[in-house]
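Worksheet: one structure, shown below.
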Amino acid sequence: VSTEGNSATESSTVELQRLRECFGAYGTGVAVLTTHTSDGEPCGLTANSFTSLSLDPPLILWSISRKAQSYAAFMSSERFAVNVLACDQIDFAQRFARKSSDKFTGVPYRRGRHGAPLLENCTAWLECSTFARHDGGDHTIIIGRVDTFDRFDRPGLLFVRGRFCQALSD
Ligand SMILES: Cc1cc2nc3c(=O)[nH]c(=O)nc-3n(C[C@H](O)[C@H](O)[C@H](O)COP(=O)(O)O)c2cc1C
């Protein structure tokens with residue numbers, strides 16, 4: 001039995017921090033997931049758990065923390081949008097990663113076909129219908145079926161080891 005590495009079964013604060021850092025070594029894009037509350041208010045959060053899942057049928061997935069303020073909205077809404085951020089949208093990534101009731105103030109957006117906010121100047125967006133939700137420990141995994149999508153000619157924002165960055169070349 002190897003004694004190298006860290007045990008994922010130990011749940012001390014130090015081990016959890018090391019596990020978080022290990023997860024964070026995997027670079028991703030950055031998206032703002034949006035929907036609206038039952039009152040019709042826009043709501044959204046920054047997420048790097050977004051990933052493509054299936055081309056046929058067209059499916060994507062992401063996961064939301066059970067502690068997120070927007071958790072209830074995403075659990076009750078059957079529609080949401082994925083706004084894939086461009087590299088000059090770090091301010092949006094930070095704004096939507098904070099708990100706040102006025103995240104959309106001053107943010108240019110329009111309502112998509114299903115009513116979910118589509119942020120201006122993203123590198124891509126996808127409007128989705130909730131296809132399935134699965135238990136994911138302290139998160140819930142949300143699978144969406146892509147209804148409409150578009151992509152724009154802007155470099156994407158990337159995230160790795162807790163830092164925002166951009167691709168070395170286009
Ligand atoms: C780069 C980055 C990626 C994140 N990815 C996720 C994610 O995939 N799922 C999630 O639930 N929270 C994620 N978060 C944290 C949420 O954005 C943060 O907890 C936010 O405050 C949640 O908003 P809410 O509480 O208003 O819903 C991420 C934060 C950052 C900065």
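The values are calculated or read from the model by the stated rules, or taken from the named source; none is laboratory data. Since the structure is predicted, the reported quantities are computational estimates derived from the model, not experimental observations. Note that each Cβ is placed from the backbone with ideal geometry, even for glycine, and that neighbours are counted across all protein chains shown. Quick note on the areas: whole protein, heavy atoms, side chains included, nothing else; ligands and nucleic acids left out. Shrake-Rupley method; radii C 1.70, N 1.55, O 1.52, S 1.80 Å.
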Exercise. Sum -39500 (n - 2.57) across every DSSP H segment of at least 4 residues in the chain, then divide by the residue count to get the 222 nm mean residue ellipticity, nearest 500.
Key: -4000 deg cm²/dmol
Quiz prompt | Solvent-accessible ranking of F159, F80, largest area first, probe 1.4 Å | solution = F159, F80
Practice problem: For segment 1-60, run through the chymotrypsin sites (Phe, Trp or Tyr not before Pro) and keep only the ones in DSSP coil with at most 16 other Cβ atoms within 10 Å of their Cβ. | Solution: Y26
Quiz item: Which is farthest toward the positive dipole end of the chain among L55, T105, V32, measuring Cα position about the Cα centre, with Cβ charges +1 (Lys, Arg) and -1 (Asp, Glu)?
Solution: T105
Practice problem: Would you mind telling me which residue in H134, H36, H114 has the biggest mean-square fluctuation in a Gaussian network model of the chain, where springs connect alpha carbons within a distance under 10 angstrom? | Solution: H134
Quiz prompt | segment 19-104, accessible surface, carbon-and-sulfur percent (1.4 angstrom probe) | solution = 53
Quiz item: Protein chains only, probe 1.4 Å: how do W62, W125 rank by accessible area, largest first?
Solution: W125, W62
Practice problem: Assign unit charges at the C-beta atoms only (+1 for Lys and Arg, -1 for Asp and Glu), then state the dipole size of segment 31-170 relative to its Cα centre in Debye, rounded to the nearest 20. | Solution: 340
Practice problem: Measure nothing fancy, just the Cα-based angle from helix 13-24's long axis to the longest principal axis of the chain, in degrees from 0 to 90, nearest 10. | Solution: 60
Quiz item: Along segment 151-164, what does the Karplus equation 6.51 cos²θ - 1.76 cosθ + 1.60 (θ = phi - 60°) give for ³J(HN,Hα), rounded to whole Hz, x for Gly and Pro?
Solution: 9, 10, 8, 9, x, x, 7, 10, 9, 8, 6, x, 10, 7
Exercise. Over segment 65-170, calculate the relative contact order: mean separation of alpha carbon pairs under 8 Å at least 6 apart, over the residue count, as a percent.
Key: 29
Exercise. With springs only between Cα atoms under 10 Å apart, run a GNM on the chain and tell me which of R79, R145, R133 wobbles the most.
Key: R133
Quiz item: By accessible area of protein heavy atoms, probe 1.4 Å, what ranking do S101, S12, S70 get, highest first?
Solution: S101, S12, S70
Quiz item: Tell me, what is the per residue accessible area of the chain in Å², probe radius 1.4 Å?
Solution: 62
Practice problem: Take the chain, connect every pair of alpha-carbon atoms lying under 10 Å apart with a spring to form a Gaussian network, then pick out the residue of C87, C22, C122 with the largest mean-square fluctuation. | Solution: C22
